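Here, each number is a calculation from the coordinates, and none is a lab measurement. Just so it is clear, the model here is predicted, and its values are computed rather than measured. Methodologically, a virtual Cβ is constructed for each residue, glycine included, from the backbone with ideal geometry; neighbour enumeration extends over all protein chains shown.
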Amino acid sequence: MKNPDVKQVTNVSCPVLGMQPSARAEALAARLEAAAALATFAAALSDDEWQMRVPKDGRKVGVVVHHVASMYPIEIELAKALAAGQPITGVTWDVVATMNQDHANNYNNVDKQAALALLAANSAMAAAAIRALSDEELDRAAPISLNSDAPLTCQFMLEDHAVRHSYHHLARIKEAVVAGSAPNSNEAVWLC
């Protein structure tokens, strides 16, 4: 089932032919690619572990893996808006929570191979999009509604969202798996 709130970005701008990515963009992309640890860990999970609920979150492990994959295009779209000097408006924690809850409802029984394939495709797209950014674009700042309209840079947005996101969820998933069985709590945070 497709979530109408999640878009896959397919047309990523590329650096001018012959131009190398900026060292900063390359470093950011490499850090995002290092997040493949989420895919590696998730691929090794048993079916029972894939269905565990993540403590303090409430979503199933598989749903969270698919969530990370689904968010890359959105995170990149927002970063590209900042790179162009456009403010990010209308994105609030309530909007994020609703989007995450809708995603969890729509993908409650997500197939492991489909989620891992989406994670691989969208993380590769995100890394390519980051590599296409110049230092000037990474430094460009505009107000971000999610952060109380603070003017923040494109690089901050990438670090705080696209790069950090899988690390954050991998840590929580590992806690759930190490604990052996997370409670089937209905309490859900849906924050990120």
message: I'd like the FRET efficiency for Asn147 and Asp47, computed as 1/(1 + (r/R0)^6) with the beta carbon distance as r and R0 of 30 Å, rounded to 0.05.
response: 0.20
task: May I ask you to derive the FRET efficiency for Gln113 and Arg24 from their Cβ-Cβ distance with R0 = 35 Å, giving the value to the nearest 0.05?
output: 0.50
- prompt: So, by mean Cβ neighbours within 10 angstrom, what's the order for 69-80, 162-173 with the highest one leading?
  reply: 69-80, 162-173
field: Zone of Glu33's modelled label, taken as backbone nitrogen in the stretch 129-163 under 14 Å from a point 7 Å along Cα→Cβ
entry: 129-132
Amide hydrogen neighbours beyond the local backbone of Thr153, cut-off 5 Å, H modeled: none
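Net charge within 13 Å of Ser134 by Cβ-Cβ distance, Lys/Arg positive one each and Asp/Glu negative one each, not counting Ser134 itself?
Numbers: positive: Arg24, Lys80, Arg131, Arg140; negative: Glu26, Asp135, Glu136, Glu137, Asp139.
Overall, the nearby charge balance is -1.
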message: List the aspartates and glutamates whose Cα sits under 18 Å from the Cα of Lys112, skipping any in the same chain fewer than 8 residues away.
response: Asp47, Asp48, Glu49
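Rounded to the nearest 0.05, what FRET efficiency do Asp102 and His168 have when you use their Cβ-Cβ distance and R0 = 22 Å?
On the way: r = 20 Å, r/R0 = 0.91.
My answer for the efficiency is 0.65.
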